Amino acid sequence: MIKVLLVDDQNLIRQGLKALLELEADLEIVGEAENGEMALNLIEQLQPDVILMDMRMPIMDGVAATREIQKRFSNIKILVLTTFDDDEYVKAALQNGAMGYLLKDTPSEELAEAIRAVDKGYTQLGPGIVKKLLTQFPSLEATQSPPTPPSLAELTPREKEVLRLIAQGASNREIAKQLYISEGTVKNHVTNMLNRLNLRDRTQAAIFANTYLSYLNESD
């Protein structure tokens, strides 16, 4: 059973989401919060697996809440569900640890599948969101079959493994567990990999890895 916490300042939205998601046998709505601060206060008591997080809320918005939750409860997955597809919201949410970004017009069955995927550690992005992120990489969106960047060959086998897992949306803790190494070692690999590829953050790394996935798999 996947325990879900709903965070949205509109009661009607929360009630609608609860009614729809409770039709899914493997999803349990364990609580509701009308802002990020309230969500933080409920987490220890409710122990949710996934938080559905709105962006624009009073007192503490979704970006600030996502940042604080990831600092204090890094095992909890956050899936943004909002009306706004503003570039800055998308970028800020993902940079601060959100595992996915969907709009509120997402069909309920797709939302349920996204919750399941995020719970397993996979990144979920709604239609158009990936395109927004790719605008940060004009050199990568010009062709469907981009040439292999020379910097890819500079990665060590372990850095390539870490990059593949980042592309799947895995956290440092999950990468450490899967590769049987410490979180500190994972952080070192991530830092080295970002430097070699001249990338700014994990979001760019995930887009890079998905763009060059075939080359990444063939390079071992």
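Tabulated results
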item	result
Test: residue in the stretch 47-63 that is over 15 Å from the mean Cα position of the chain (by Cα) and not in a loop (DSSP other than H, G, I, E, B)	no
The stretch 165-217 - residue that is among the aromatic types (Phe, Trp, Tyr) and in contact with a Leu (Cβ under 8 Å, 6 or more places away or on another chain) and, of those, most open to solvent (accessible area, probe 1.4 Å)	Tyr215
Failed criterion for Ile59 (all others in (1) on the phi > 0 side of the Ramachandran plot; (2) open to solvent by less than 10 Å² (accessible area, probe 1.4 Å); (3) of a type outside the set (S, T, N, Q) hold)	(2)
Enumeration of residues in the stretch 3-22 that are in a strand (DSSP E or B) and open to solvent by 20 Å² or more (accessible area, probe 1.4 Å)	Lys3
Complete set of residues in the stretch 77-116 that are open to solvent by less than 20 Å² (accessible area, probe 1.4 Å), in a helix (DSSP H, G or I) and free of Cβ contacts under 8 Å to residues at least 60 places away in the same chain	Val90, Ala93, Ala114
Per-region count, the stretch 92-120, residues more than 11 Å from Leu81 (Cα to Cα) and over 14 Å from the mean Cα position of the chain (by Cα)	6
Cβ-Cβ under 6 Å pairs, at least 6 apart or on other chains, the stretch 30-48 side polar (S, T, N, Q), far side surrounded by fewer than 17 Cβ atoms within 10 Å (Cβ to Cβ)	Asn35/Pro58; Asn35/Ile59
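The values are calculated or read from the model by the stated rules, or taken from the named source; none is laboratory data. Everything numeric in this text was worked out from a predicted model, so none of it was measured. Virtual Cβ from ideal backbone geometry, glycine too; neighbours counted across all protein chains shown. Side chains included, ligands, DNA and RNA excluded: accessible areas come from the protein's heavy atoms. Shrake-Rupley method; radii C 1.70, N 1.55, O 1.52, S 1.80 Å.
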